[in-house]
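> Input: one structure, supplied below.
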Amino acid sequence: MVKIAILGFGTVGSGVAEVLTENGGLIDRRVDDLVRLKYILDVRDFPDSPYRDCFVKDFSVIEQDPEVDIVVETIGGATVALDFTTRALKAGKSVVTSNKELVATHGYELLKLAREHGCSYLFEASVGGGIPILRPLTSCLAANQLEEITGILNGTTNYILTRMIRAGLTFEQALQEAQEKGYAEKDPTADVDGHDACRKICILSALSFGRQIYPEQVPTQGIRGVALEDVAYAGSADYKIKLLGRAIRRPEGKVCAFVAPHLVPGDNPLAGVEDVFNAIAVRGNAIGDVMFYGRGAGKLPTASAVVADVIDIAKDLKRDHRNDWEEGAPDLVVSPDVLTSQWYVRAEATAEQARAACGEIHLLARSGAPAGEVAFLTGPMTEPQLRKRLEGLEVRSLFRVLA
Ligand code: NDP
Ligand code: HSE
């Protein structure tokens, strides 16, 4: 029998218990053993829960129980979760998590710890919610030199942008809906300001390029600067505004990783990704372009990915299930300032002033635009080149255009 402990009985943790119970028969058959939930640890009390007999308050009960093979960490954050994960791995128990903050900040040391103690640290659910992405990257695409990853990596912000555009909700109303649906982080500024997407692009980069990349190395901009006016201008030329996490392998072997809102052309499959859905486009030197799509957040989709990792470990507790990457380095990551692209600019200026500054431009229109406002697409250039040209103009918005 394989025994499981869940740490944190919130949105994801309760989903994991539900999937383990609802799909128990097929999980047992696929593992060829009985997989059973033994403990749930949470700070709160759940007297009416069908799992009430499993609850404990003291992690050492789980740590010291030799029957527990797999610990599911769904508490979140990088404090208590780091302590419990470290102790579980040191006790030789494999850990499965959805906690991208912990993986992005401490992945290298936790993977090393797992290796040293003959157990596994798996985190499929940490990127893309229910989308199978990490295992395909390291197994199905293992024959490729991966060149570029571009993803809509945050369900909450994609949900907010979609609801603002489609239902005319305010930012606050759309965020509240995302919170009620269990998509948002405990502190939703992590979603809105791009930090959650940043953590996910760090994990994707580490698995794709083999070295830890830390969130503080990745320039990150969220969606607060995206105004409905920008959405309207972009829409007039068949572009959608999406928050993208991007990681590009540079010829010198370094990585250019960043998170920022982009204008995505309507004929790019990423433009059609709406609501809580995420999509991750990967380019490999053999496969070319491939895209992964599905629900990026929510109780059961995320639990689906967590339980898949549990099954993988439970099938063979002794097998090496490790993801792996090497330690990071300060000079591994280069700034997106090196990338040339077209740009979207909205400024307090006339079309003549915009042309004088940026040369050949494509003017955009929207109904109800006030006099003295101009929005346009530039030709290809780097951000430093663009900013120099825009000196003296009152710039309201400036976003990269995805090629
Ligand atoms: P929740 O806040 O819903 O659940 C966390 C649970 O852990 C809460 O019940 C919380 O209690 C409890 N908890 C807090 N501190 C402790 C502690 N010291 N010991 C035991 N339990 C504790 O978070 P989610 O389920 O939404 O997210 C969990 C993790 O999964 C996060 O890392 C998140 O980023 C990630 N994730 C979430 C997804 C989603 O759709 N929600 C999708 C993919 C990943 P209390 O509420 O009282 O603090
Ligand atoms: N808050 C995250 C999101 C949860 O909205 O994408 C999934 O990682």
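> Give me the net charge for the shell around A197: Cβ to Cβ below 15 angstrom, other residues only, Lys and Arg +1, Asp and Glu -1.
That works out to 0.
> Could you sort the peptides 285-294, 213-222 by per-residue average Cβ neighbour count (10 Å cutoff), highest mean leading?
Output ranking for 285-294, 213-222: 213-222, 285-294.
> For S120, what residues show an amide H to amide H distance below 5 Å, using hydrogens built from the backbone and excluding near sequence neighbours?
Placed amide hydrogens put S94, V95 under 5 Å from S120.
> Given the peptides 82-95, 323-336, arrange them by the average over their residues of other C-beta atoms within 10 Å, most packed first.
82-95, 323-336
> Leaving out ligands and nucleic acids, and using a 1.4 Å probe, what accessible area per residue does the stretch 134-295 come to in Å²?
39 Å²
> Summing Lys, Arg as +1 and Asp, Glu as -1, what charge do residues with Cβ under 14 Å from the Cβ of W343 carry, W343 excluded?
My count for the surroundings of W343 gives +2.
> While we're on this one: Taking the C-alpha atoms of the stretch 70-166, how large are the radius of gyration and the largest Cα-Cα span, Dmax, in Å?
When restricted to the Cα atoms of the stretch 70-166, Rg and Dmax are 15.6, 51 Å.
> Further question: For the chain, with all protein chains present and a 1.4 Å probe, just round the carbon and sulfur fraction of the accessible area to a whole percent.
Result for the chain: 48 percent of the exposed heavy-atom area is carbon or sulfur.
> For the stretch 340-401, what is the accessible area per residue in Å², given a 1.4 Å probe and the full set of protein chains?
Averaged over the residues of the stretch 340-401, the accessible area is 51 Å².
> With just the Cα atoms of the chain, tell me how far they stretch along each of the three principal axes, in Å, largest first.
74, 48, 33
> For the stretch 290-352, what does the alpha-carbon gyration tensor say about shape, rounded, prolate or oblate, given a ≥ b ≥ c as the root eigenvalues, a/c under 1.5 as rounded, and a/b over b/c as prolate?
oblate
> Also, I was wondering about something else. Quick check: with the 1.4 Å probe, what order do R319, R166, R246 take by accessible area, largest first?
R166, R319, R246
> Rounded, prolate or oblate: pick one for the stretch 134-295, where a ≥ b ≥ c are the square roots of the eigenvalues of its C-alpha gyration tensor, a/c under 1.5 means rounded, and failing that, prolate if a/b is larger than b/c, else oblate.
Because a/c hits 1.5 or more and a/b exceeds b/c, the stretch 134-295 counts as prolate.
> Ranked highest first by the average count of other Cβ atoms within 10 Å around their residues, in what order do 311-318, 151-158 fall?
151-158, 311-318
> Still on this structure, please answer the following. Of H321, C54, I248, which is farthest on the positive side of the dipole of the chain, counting Cα position, with +1 on Lys and Arg Cβ, -1 on Asp and Glu Cβ, and the Cα centre as origin?
The one lying farthest along the dipole's positive direction is I248.
> Could you point to the residue in L390, A369, P380 farthest towards the positive end of the stretch 340-401's charge dipole, with +1 and -1 charges on the Cβ of Lys/Arg and Asp/Glu respectively?
P380
> Are there any trypsin sites (Lys or Arg not before Pro) in the stretch 1-56 that are in a DSSP loop and have at most 13 other Cβ atoms within 10 Å? List them by number.
R44
> So how far apart, in nm, are the two label points at L228 and R29 if each is 7 Å from Cα heading toward Cβ?
Here the modelled spin labels are 5.2 nm apart.
> Please report the accessible area of C140 (heavy atoms, 1.4 Å probe, ligands and nucleic acids excluded) in Å², nearest 10.
100 Å²
> Count neighbours as other Cβ atoms within 10 Å of each site's Cβ, and list the GluC sites (Glu not before Pro) in the stretch 1-105 that are DSSP loop with at most 15 such neighbours.
In loop regions of the stretch 1-105 (DSSP not H, G, I, E or B), the sparsely surrounded GluC sites (Glu not before Pro) are E67.
> Moving on to the next point. Run the dipole for the chain about the Cα centre, Lys and Arg Cβ at +1, Asp and Glu Cβ at -1, nothing else charged, and hand back the magnitude in debye, nearest 20.
Charge dipole, the chain, about its Cα centre: 500 debye, nearest 20.
> A follow-up question, please. Rounded, prolate or oblate, given the Cα gyration tensor of the stretch 1-133, with a/c below 1.5 counting as rounded?
Rounded shape, in that the Cα axes give a/c under 1.5.
> Rounded to the nearest 500, what is the 222 nm mean residue ellipticity of the chain from helices alone, with -39500 (n - 2.57) per DSSP H run of 4+ residues and division by all residues?
-10500 deg cm²/dmol
The values are calculated or read from the model by the stated rules, or taken from the named source; none is laboratory data. As the structure is a computational prediction, the values presented were derived from the model and not from experiment. Counting neighbours? That spans all protein chains shown, and the Cβs are built from the backbone with ideal geometry, glycine included. Just so you know, the surface numbers come from the protein's heavy atoms only, side chains and all, with ligands and any DNA or RNA stripped out. Shrake-Rupley method; radii C 1.70, N 1.55, O 1.52, S 1.80 Å.
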